[in-house]
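All remarks here apply to the structure that follows.
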Amino acid sequence: MKRTSIITVNFNQPAVTLDFLKSIRLHTTLSEVEVILVDNGSREDHSAVFLKEYPELVYISSAKNLGFAGGNNLGIEKAKGEYLLFLNNDTEITGNLVSELSGALEENQEIGLISPLLLYFDAPDVIQYAGSTKMNYITCRNSTIGIMETDRGQYDTQYRETAFCHGAAMMCRKADLKTAGLMDENFFLYYEELDWCEKFKKAGKKIWFTGRTKVYHKESMSVGKESSIKTYFMTRNRMLFIRRNTGWLNTLLFSLYYMGIASPKQILMYIRKNRKDLIKWVFLGLKWNFTHSKDSNDLGFKI
């Protein structure tokens with residue numbers, strides 16, 4: 001039986017992470033999975049509590065916050081499973097998650113990354129993700145299929161190729177990382193899973209969605225709280241994603257759109273919301289792309 005390594009990252013969320021571990025214990029067996037928890041520079045050490053809940057846990061402590069990609073990459077280094085299942089620590093799983101995702105990879109060698117149906121934990125009949133549409137690389141925009149729809153089972157039998165996976169829950173083969181590579185850590189927050197999907201596509205693999213299994217995500221249905229770190233990395237990484245995954249002409253056209261239309265629109269929104277403090281972070285996110293190479297590890301933001 002091929003084993004799956006479940007990798008999750010904790011950053012100052014001990015209670016949520018404990019619920020996650022309870023969910024894993026309830027819905028999986030030790031012969032089926034190993035669980036790897038990367039504590040990503042948390043302020044307090046809760047390893048004893050985590051290990052009490054899940055004694056078989058592979059616990060990794062990082063002295064600094066490495067971001068979503070860096071934390072997961074650290075987990076990959078220790079993973080022994082043939083399949084890697086990346087789950088946000090604010091998710092709770094269902095009983096057939098591991099078997100459905102690993103079974104899909106087993107039967108279809110073209111699949112590189114696969115995500116399940118995602119539902120909101122606090123509103124379990126509301127869909128967060130059922131796949132995604134293709135990217136418009138001039139605007140760097142696409143849509144999430146099914147988002148905010150009431151779940152009536154309309155995606156339960158769907159099993160198909162999609163444009164991008166969802167970072168909260170996705171599985172791949174460890175062996176495929178030899179060609180696709182790891183997640184790029186210079187994104188730190190946002191767009192890293194989209195970039196990783198592009199890497200898999202370039203390696204000749206496909207991105208897949210299955211509605212045959214689901215995950216409940218504790219993310220709020222409302223728009224997340226605006227902050228300097230969110231504004232900066234969303235601005236910076238949207239352009240970085242295009243620079244890394246398209247040619248010079250597309251990058252030029254996107255840059256004209258982004259600086260001439262999208263960013264001014266964002267700034268006007270902040271003015272209307274009386275969040276003028278965030279405007280400088282839009283400019284700093286744009287500036288980074290003109291002062292750094294697309295492979296630079298300098299985040300330009302003090303974490």
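The values are calculated or read from the model by the stated rules, or taken from the named source; none is laboratory data. Just so it is clear, the structure is predicted and the values come from calculations on it, not from any experiment. Cβ sites come from the backbone with ideal geometry, for glycine too, and all protein chains shown count toward neighbours.
Observations on the structure shown:
- Flag if GLU193 is within 30 Å of LEU101 (Cα to Cα), assigned to a loop (DSSP other than H, G, I, E, B) and not basic (Lys, Arg): no
- Looking across segment 220-271, the residues that are of a type in the set (Ser, Thr, Tyr) and either in a helix (DSSP H, G or I) or at pLDDT 95 or above (or both) come down to SER228, THR231, TYR232, THR235, THR246, THR251, SER255, TYR257, TYR258, SER263, TYR270.
- The listed residue being within 30 Å of LEU253 (Cα to Cα) and of a type in the set (Lys, Arg), out of LYS80, LYS52, LYS134: LYS134
- Any hit, segment 170-187, residues being assigned to a loop (DSSP other than H, G, I, E, B), within 27 Å of HIS27 (Cα to Cα), touching a residue at least 12 places away in the same chain (Cβ under 8 Å) and in contact with an Asp or Glu (Cβ under 9 Å, 6 or more places away or on another chain): no
- All of GLY204, GLY211 fail the test of being part of a strand (DSSP E or B) and either in contact with a Lys or Arg (Cβ under 8 Å, 6 or more places away or on another chain) or modelled with pLDDT of 95 or more (or both), apart from GLY211.
- Note on segment 85-130: enclosed strands (runs of 3 or more DSSP E) holding 2 or more residues that are within 18 Å of the chain's Cα centre (by Cα) and over 19 Å from GLU34 (Cα atoms) are 111-120, 123-129.
- Segment 144-154 - residue that is in a loop (DSSP other than H, G, I, E, B) and touching a Phe, Trp or Tyr at 6+ places or on another chain (Cβ under 8 Å) and, of those, surrounded by the fewest Cβ atoms within 10 Å (Cβ to Cβ): ILE147
- Filtered by the rule that a residue be basic (Lys, Arg) and either more than 18 Å from GLY81 (Cβ to Cβ) or modelled with pLDDT under 95 (or both), segment 160-201 gives ARG160, LYS199, LYS201.
- For segment 131-166, a residue qualifies if it is over 18 Å from the mean Cα position of the chain (by Cα) and among the hydroxyl-bearing types (Ser, Thr, Tyr), and the qualifying residues are TYR137, THR139, THR150, TYR155, THR157, TYR159.
Quick grid of which residues meet (1) surrounded by fewer than 15 Cβ atoms within 10 Å (Cβ to Cβ); (2) among the hydrophobic types (A, V, I, L, M, F, W, C); (3) out of contact with any helix residue (DSSP H, G or I) (no Cβ under 8 Å at 6 or more places or on another chain):
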| position | (1), (2), (3) |
| --- | --- |
| THR213 | no, no, no |
| TYR216 | no, no, yes |
| LEU240 | no, yes, no |
| GLY260 | yes, no, yes |
| TYR270 | no, no, no |
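- First in segment 232-261 and farther than 22 Å from PHE164 by Cβ and touching a residue at least 12 places away in the same chain (Cβ under 8 Å), second anywhere and in a helix (DSSP H, G or I) and small (Gly, Ala, Ser), Cβ under 7 Å, 6 or more apart: TYR232/GLY285
- Neighbours by Cβ (under 6 Å, 6+ apart or cross-chain): first from segment 1-24, in the same structural domain as TYR54 (by TED's automatic domain parsing) and free of Cβ contacts under 8 Å to residues at least 60 places away in the same chain; second surrounded by fewer than 18 Cβ atoms within 10 Å (Cβ to Cβ) and among the acidic types (Asp, Glu): LEU18/GLU53; LEU21/GLU53
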